[in-house]
Amino acid sequence: MHELGIVFHMIDTLQEIAAQNELTAISKVNLRLGEVSGVLPDYLVDCWDWAKKRTDVLQEAVLEVEQVDAVTVCNDCGKTYPTVPQGKTCPHCQSPNTVLLHGLEIEIDTIEGC
Amino acid sequence: MDAIKVIQVKEDVRANNDRAADALRERLRDAGTLLINLMSSPGSGKTTLLSATLDRLSYELSIGVMEADVDSDVDAHTVASHGARAIQLHTGGMCHLDAAMTEQGLRNMGIEGLDLVFLENVGNLICPAEFDTGAGAKVMILSAPEGHDKPLKYPLMFEVSDLVIVSKMDVAPYFDFDLEELQKNVRMRNPNATILPLSAKTGEGMDAWCDWLRKAVKEWKV
Ligand SMILES: Nc1nc2c(ncn2[C@@H]2O[C@H](COP(=O)(O)OP(=O)(O)OP(=O)(O)O)[C@@H](O)[C@H]2O)c(=O)[nH]1
Ligand SMILES: [Mg+2]
Ligand SMILES: [Zn+2]
């Protein structure tokens with residue numbers, strides 16, 4: 001269900017952008033999706049295909065999803081590491097004082113249309 | 001045929017909602033109404049806690065409650081019978097409330113004269129954490145039977161909450177619930193969170209919770 005909510009927020013944003021840029025049809029949407037954003041790409045595309053039919057400007061729009069790998073940085077040793085296999089604890093110095101740098105993105109990168 | 005235009009957007013899908021939430025928070029600040037976003041798993045004791053809270057505070061504060069549910073309005077009837085102005089919001093299958101839905105609910109309920117409004121969000125520890133509703137404070141409830149390991153499994157919910165209520169403390173011994181371990185796990189995710197163990201059934205911890213609310217309402221109005 002979360003994916004459907006995300007799609008509704010996407011559609012709101014896309015409608016605004018289409019109006020601002022005087023587009024009558026969006027043909028493609030490139031989305032950057034973080035690895036730990038909690039959104040499953042397959043479900044997202046299913047929800048998209050259902051919801052776009054109900055939106056004038058998106059009738060022919062294709063959604064392309066690009067995964068953004070999750071990366072964490074350690075505040076103690078300054079090194080970065082992949083979040084998914086390592087979690088909160090820095091594999092270089094074992095510090096728990098780490099912050100997520102990438103991986104939460106649900107970002108509309110570019111759109112194409114006329 | 002028109003040429004295809006490529007537009008660089010580079011904007012998070014949640015940015016629109018964040019702007020709407022900030023604007024709503026401003027308006028609530030001007031109105032002097034504190035909105036609290038109450039989040040938890042299903043059945044953690046939100047409605048029971050709100051009823052017990054209303055019994056203690058409805059003589060000194062005007063309180064509204066918006067109950068979000070996929071369907072049904074039993075919770076709204078329950079809190080209304082304890083003295084709140086209450087409405088039910090149906091989310092139509094959505095797993096969280098966003099700022100637009102919250103604003104519409106507030107408009108339908110009417111906030112004139114209210115000091116405090118609780119938004120009982122959809123029962124779920126994941127999605128509500130990601131969407132700012134425009135609330136002035138975020139409170140989550142973890143019930144003791146759910147276990148002290150939950151901050152490790154649902155970190156975002158614990159990171160965004162100003163206050164973590166541990167409910168159903170009366171039954172904690174039956175579930176091998178370790179409060180110290182929980183406090184450690186919460187602090188690791190969110191060093192600034194206040195943690196309040198309580199039981200709506202025995203009344204343990206209810207005074208501290210009511211004091212927290214009184215103070216939050218007072219600070220919101222200045
Ligand atoms: N022992 C004990 N039981 C409690 C306490 N608070 C709530 N309960 C019980 O827990 C169950 C669920 O409580 P609710 O208040 O309906 O929980 P909720 O979070 O509003 O539930 P949903 O709205 O369905 O997600 C009920 O059977 C309550 O009686 C408590 O402090 N102690
Ligand atoms: Mg309830
Ligand atoms: Zn390190």
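The numbers here are math on the coordinates, done by the rules we state, and not lab data. Quantities reported herein were computed from a predicted structural model and do not represent experimental measurements. Using ideal geometry, Cβ is built from the backbone for each residue, glycine included, and neighbour counts are taken over all protein chains shown.
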| task | Return a yes/no flag: does segment B:124-142 have any residue that is over 28 Å from B:G92 (Cα atoms) and within 19 Å of the chain's Cα centre (by Cα). | result | no
| said: Can you list residue pairs whose Cβ atoms sit under 6 Å apart, with the first residue in segment A:73-97 being without any contact (Cβ under 8 Å) to a residue 40 or more places away in the chain and the second being of a type in the set (F, W, Y)? Count only pairs 6 or more apart in sequence or on different chains. | reply: A:P91/A:Y81
| query | Out of A:G34, A:G38, which single residue is free of Cβ contacts under 8 Å to residues at least 60 places away in the same chain, within 13 Å of another protein chain (Cβ to nearest Cβ) and small (G, A, S)? | reply | A:G38
| query | For the subset of segment A:4-20 comprising residues that are more than 11 Å from the chain's Cα centre (by Cα) and touching a residue at least 12 places away in the same chain (Cβ under 8 Å), which member is farthest from B:N17 (Cα to Cα)? | reply | A:A18
| request: Filter segment B:165-205 down to residues that are under 19 Å from the mean Cα position of the chain (by Cα) and at positive phi, then give me how many there are. | output: 2
| Yes or no: B:E26 more than 14 Å from chain A (Cβ to nearest Cβ) and out of contact with any strand residue (DSSP E or B) (no Cβ under 9 Å at 6 or more places or on another chain)? | yes
| Residue check, B:L89 within 13 Å of ligand 1 (Cβ to nearest atom), hydrophobic (A, V, I, L, M, F, W, C), touching a residue at least 60 places away in the same chain (Cβ under 8 Å) and touching a helix residue (DSSP H, G or I) at 6+ places or on another chain (Cβ under 9 Å) | no
